[in-house]
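Visitor: One structure is given below, represented as structure tokens, and several questions about it will come after.
The values are calculated or read from the model by the stated rules, or taken from the named source; none is laboratory data. Keep in mind the model is a prediction, meaning the values are calculated, not measured. Virtual Cβ from ideal backbone geometry, glycine too; neighbours counted across all protein chains shown.
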Amino acid sequence: MLLRFRTMVRDRQNLAASKFLYLIMIKAKEKKERALGERLHLKGRCLTAKCAAVRKPYKPGVHGQSRKGGNRTLSEFGRQIKEKQKFKVSYGLTEKNLKNIFEAALKTKGSTAAKLIELLERRLDNAIFRLGFSVSRQSARQLINHGHIFVNKSRVRSPGFLLKKGDIIAFRSESKDIKVVKDIVDSIKKYEAPEWLILDKEKLEGRVIKEPNDLTPPFEVSLLIESFSK
């Protein structure tokens with residue numbers, strides 16, 4: 001009986017610790033959004049009034065609301081760094097990941113800026129987010145890492161997998177019984193996917209019908225290119 005009681009206490013402590021760490025992670029993401037001054041849709045509640053960027057539309061910290069801390073004029077270099085950070089945080093990339101994508105875009109013919117955005121949008125984690133299969137790119141990466149996503153009937157575990165025209169994105173058949181996937185069925189009823197994707201709401205499948213070209217950059221991509229071109 002004593003052993004069972006100790007086990008129950010330990011399990012509750014572990015659960016409490018997990019919830020505490022989750023709250024810390026959530027707050028850290030919210031601080032990033034507020035610091036950059038953009039709603040980057042890092043979490044599902046970014047679409048609601050609970051979003052920290054809506055409740056506290058100023059930078060975090062003691063001086064966040066002050067002129068000194070909140071409205072300081074950035075230098076050109078500072079603007080470049082800020083835009084780079086927006087891309088990294090929004091798409092969930094490291095400095096190395098983003099630089100590799102920039103270098104790949106640089107090697108192609110045509111506009112480097114347009115190709116950079118195309119490569120970012122063609123990532124599997126982004127496509128899942130664009131199809132409405134997840135509330136954020138981070139949750140899309142979790143679906144991929146846990147083996148719930150198939151591309152052309154083959155499991156893919158790389159969030160950075162680059163999709164091409166004709167690729168079909170679907171959930172593993174066994175995964176359709178889990179709660180997070182069942183919730184998607186209701187959430188996408190009125191959702192419209194971008195024009196480079198087709199969403200089959202009945203089968204919970206998405207298909208790439210063309211390259212994501214001529215897209216409006218979410219941030220100032222020219223500053224990102226200038227930052228990497230030095």
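Visitor: So for region 196-215 (the condition being closer than 30 Å to Leu74 by Cα and either among the acidic types (Asp, Glu) or surrounded by fewer than 18 Cβ atoms within 10 Å (Cβ to Cβ) (or both)), does at least one residue qualify?
Guide: In the first step, residues of region 196-215 are kept if they are closer than 30 Å to Leu74 by Cα; the result is 214-215.
When the remaining residues are screened for being either among the acidic types (Asp, Glu) or surrounded by fewer than 18 Cβ atoms within 10 Å (Cβ to Cβ) (or both), the result is 214-215.
Yes, region 196-215 contains a residue that is closer than 30 Å to Leu74 by Cα and either among the acidic types (Asp, Glu) or surrounded by fewer than 18 Cβ atoms within 10 Å (Cβ to Cβ) (or both).
Visitor: Tell me, yes or no, whether region 180-187 has at least one residue that is touching a Lys or Arg at 6+ places or on another chain (Cβ under 7 Å) and modelled with pLDDT under 95.
Guide: Of all residues in region 180-187, those touching a Lys or Arg at 6+ places or on another chain (Cβ under 7 Å) come to none.
Checked region 180-187: no residue is touching a Lys or Arg at 6+ places or on another chain (Cβ under 7 Å) and modelled with pLDDT under 95.
Visitor: For the list (1) of a type in the set (A, V, I, L, M, F, W, C); (2) out of contact with any Ser or Thr (no Cβ under 7 Å at 6 or more places or on another chain); (3) within 22 Å of Ser90 (Cβ to Cβ), I need the number of the one condition that Ile198 fails.
Guide: (3)
Visitor: I've got another one for you. Which members of region 98-117 meet the condition of being loosely packed, with under 15 Cβ neighbours inside 10 Å and part of a helix (DSSP H, G or I)? Walk me through how you get there before you give the answer.
Guide: So the first thing to find is which residues in region 98-117 are loosely packed, with under 15 Cβ neighbours inside 10 Å, and the list is 99-100, 103-104, 106-111.
Of everything in region 98-117, those that are loosely packed, with under 15 Cβ neighbours inside 10 Å and part of a helix (DSSP H, G or I) turn out to be Lys99, Asn100, Glu103, Ala104, Leu106.
Visitor: Another question, if that's okay. Could you list, in sequence order, all residues of region 180-230 that are closer than 30 Å to Gln80 by Cβ and of a type in the set (S, T, N, Q)?
Guide: Filtering region 180-230 for residues closer than 30 Å to Gln80 by Cβ gives 194, 196, 211-230.
Correct list: Asn213, Thr216, Ser222, Ser227, Ser229.
Visitor: Condition check: closer than 23 Å to Ile178 by Cβ, under 13 Å from the mean Cα position of the chain (by Cα), crowded, with 19+ Cβ neighbours inside 10 Å and without any contact (Cβ under 8 Å) to a residue 24 or more places away in the chain. Does Ile128 satisfy that?
Guide: Considered against the rule, which asks whether it is closer than 23 Å to Ile178 by Cβ, under 13 Å from the mean Cα position of the chain (by Cα), crowded, with 19+ Cβ neighbours inside 10 Å and without any contact (Cβ under 8 Å) to a residue 24 or more places away in the chain, Ile128 comes out as no.
Visitor: Separate question: Go through region 166-207 and report how many residues are among the aromatic types (Phe, Trp, Tyr) and in contact with a Gly (Cβ under 6 Å, 6 or more places away or on another chain). Reasoning before the result, please.
Guide: Just the residues of region 166-207 that are among the aromatic types (Phe, Trp, Tyr), to begin with: 171, 191, 196.
From what is left, the residues that are in contact with a Gly (Cβ under 6 Å, 6 or more places away or on another chain) are 191.
Summing the residues that are among the aromatic types (Phe, Trp, Tyr) and in contact with a Gly (Cβ under 6 Å, 6 or more places away or on another chain) in region 166-207 gives 1.
Visitor: Quick check on Lys99: is it within 17 Å of Ser227 (Cβ to Cβ), in contact with a Leu (Cβ under 8 Å, 6 or more places away or on another chain) and either of a type outside the set (Asp, Glu) or at pLDDT below 95 (or both)?
Guide: no
Visitor: Say whether the condition of being at pLDDT 95 or above and among the aliphatic types (A, V, I, L, M) is met by at least one residue in region 79-88. Explain how you work it out, then say what you get.
Guide: First, the residues of region 79-88 that are at pLDDT 95 or above: none.
For region 79-88, residues at pLDDT 95 or above and among the aliphatic types (A, V, I, L, M): absent.
Visitor: Let me ask you something else. The conditions are (1) assigned to a helix (DSSP H, G or I); (2) surrounded by 18 or more Cβ atoms within 10 Å (Cβ to Cβ); (3) touching a residue at least 24 places away in the same chain (Cβ under 8 Å), and Ala140 fails exactly one of them. Which is it?
Guide: (3)
Condition check ((1) among the hydrophobic types (A, V, I, L, M, F, W, C); (2) within 20 Å of Gly92 (Cβ to Cβ)) across all residues:
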| position | (1), (2) |
| --- | --- |
| Ile128 | yes, yes |
| Ile149 | yes, yes |
| Pro159 | no, yes |
| Glu211 | no, no |
| Glu226 | no, no |
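Visitor: Consider Leu120 carefully, then state whether it is under 27 Å from Ser134 (Cα atoms), assigned to a loop (DSSP other than H, G, I, E, B) and either in contact with a helix residue (DSSP H, G or I) (Cβ under 6 Å, 6 or more places away or on another chain) or modelled with pLDDT of 60 or more (or both). Step through it out loud before you land on a result.
Guide: Values: under 27 Å from Ser134 (Cα atoms): yes; assigned to a loop (DSSP other than H, G, I, E, B): no; either in contact with a helix residue (DSSP H, G or I) (Cβ under 6 Å, 6 or more places away or on another chain) or modelled with pLDDT of 60 or more (or both): yes.
Criteria not met by Leu120.
Visitor: Looking at region 146-157, can you tell me whether even one residue there is polar (S, T, N, Q) and either at pLDDT below 95 or within 18 Å of the chain's Cα centre (by Cα) (or both)?
Guide: At the first step, the residues of region 146-157 found to be polar (S, T, N, Q) are 152, 154.
With the extra rule that they be either at pLDDT below 95 or within 18 Å of the chain's Cα centre (by Cα) (or both), the set shrinks to none.
The answer is no, given that none of the residues of region 146-157 is polar (S, T, N, Q) and either at pLDDT below 95 or within 18 Å of the chain's Cα centre (by Cα) (or both).
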